[in-house]
Amino acid sequence: MSTITAPLTALASRRRHRPLAELQRPADAFAHIGPNWFASAMGTGILATAVTLLPVRLPGQATFALAAWLLAATLLVALAAVTAIHWIRHPGVARTHHRNPAMAPFYGAPPMAMLTVGAGALLAGSTLVGTGPAVAIDEVLWSLGTVSGLLCTIAIPYLMVTGPDLTLEQVNGSWLMAVVPPMVSAATGAGLIAHLPAGQDRLALALSCYAMFGISLLASMIVLGLVIARLGRHGPGQARLVPTMWIGLGPLGQSITAVGLLSTAAAPAIGAVHTSDPRDLVLVYGIPVWGFAVVWLALAAAITIHTARRRLPFALTWWSFTFPVGTMVTGTSQLSDALGAQFLTVSAVALFGLLVAGWVMVAARTAGGVWSGALLEAPVIAPPPAAS
């Protein structure tokens, strides 16, 4: 029997790692493209935002930010085109993503990719395209990302609770992807407030950003509670899903960023109708949440190292090492700017170093996986639960 199965095993191994140029059919490269691929644009775009908002000036900072933004914008356009081809050539596969509990939450990645690239246009891209075009790009991407992100925050939880029965064991950090987009809208929308006409337009956007902050914060706390309960009951779970633990940093770091940016951008608009200073939230909210985020970072790192000692197979979930850490950089930078604490400045720079190291590692592994064809095959995901 072994003489019969050995050639088949060898053939399967070659097919799993065939170079991209040797795919049997061009359509094979688009057969299993899901929304999770947009995490690469998120993780790249946050480089531009993070380095621009650092509380210190670094050599080549503007050039680095511009290069990161251009790469993220290129990835966003390319992934949009590839996704369109996937839906045209493989509609049967594409229609299953929203019903798969392992893939559906990643529908939050495209909105957040648009929001991140839009914010990068304003912060970094304006040095290349000019302020006017950068504002226009950000307005379009922010609008598209906000609308689609709010739809995702409603639709994906609805589809998951009305679909096949889910168990606590299936909960993982990726579930946060469906409810974090409004928080990203809140943080990135702050940069657009000053570019609107003074008066009701600025007030409406500022209040909308605070409303989306609340939507995402409360929903994220619910999901984080489920993730903690799952860890206590069932442990880390599948090795390839362990990196999603890092996604817990996303709503925490991004909420601190949103509070910091909105406290400055929204103060003139809100101050006209309210006497309290929104900057008070930076201290009252930012520091306690930052402390919890640092603990979560340590916990996620410890679990990841523990799993890697056995085996941590590469998957697109490794992009969880980038964007969530980037939100910690931007959040810590905002606290440093507002409070002037030196240890926060050092922490922001150290976290940025961690972000860059993580991006280099994951980007290199992703490029290798695309070239070998391993990432272009059907992803290994948890089987859906049986219907009740």
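The values are calculated or read from the model by the stated rules, or taken from the named source; none is laboratory data. In this text the structure is predicted, and so the values were computed from the model without any measurement. No Cβ is skipped: glycine too gets one built from the backbone with ideal geometry, and neighbour counts run over all protein chains shown.
Data overview
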| quantity | calculated |
| --- | --- |
| Number of the condition not met by LEU224 [criteria: (1) free of Cβ contacts under 8 Å to residues at least 60 places away in the same chain; (2) more than 21 Å from TRP319 (Cβ to Cβ); (3) surrounded by fewer than 21 Cβ atoms within 10 Å (Cβ to Cβ)] | (2) |
| Residue list for region 179-193, restricted to those being within 13 Å of the chain's Cα centre (by Cα) and among the hydroxyl-bearing types (Ser, Thr, Tyr) | SER185 |
| Among the residues listed as GLY286, GLY331, GLY326, the single one being surrounded by 13 or more Cβ atoms within 10 Å (Cβ to Cβ), modelled with pLDDT under 95 and closer than 26 Å to TRP175 by Cα | GLY286 |
| Answer from LEU70, LEU150 - the residue that is part of a helix (DSSP H, G or I), in contact with a Gly (Cβ under 9 Å, 6 or more places away or on another chain) and surrounded by fewer than 22 Cβ atoms within 10 Å (Cβ to Cβ) | LEU70 |
| Neighbours by Cβ (under 6 Å, 6+ apart or cross-chain): first from region 146-170, within 15 Å of PRO110 (Cα to Cα); second among the polar types (S, T, N, Q) and assigned to a helix (DSSP H, G or I) | THR146/SER185; GLY149/SER185 |
| Test: residue in region 94-101 that is under 20 Å from the mean Cα position of the chain (by Cα), assigned to a helix (DSSP H, G or I) and surrounded by 15 or more Cβ atoms within 10 Å (Cβ to Cβ) | yes |
| Search result, residues across region 157-176 that are assigned to a loop (DSSP other than H, G, I, E, B) and buried (at least 16 other Cβ atoms within 10 Å of the Cβ) | GLY163, VAL171, ASN172 |
| Matching residues, region 196-213, being surrounded by 14 or more Cβ atoms within 10 Å (Cβ to Cβ) and under 26 Å from CYS152 (Cβ atoms) | LEU196, LEU205, ALA206, LEU207, SER208, CYS209, TYR210, MET212, PHE213 |
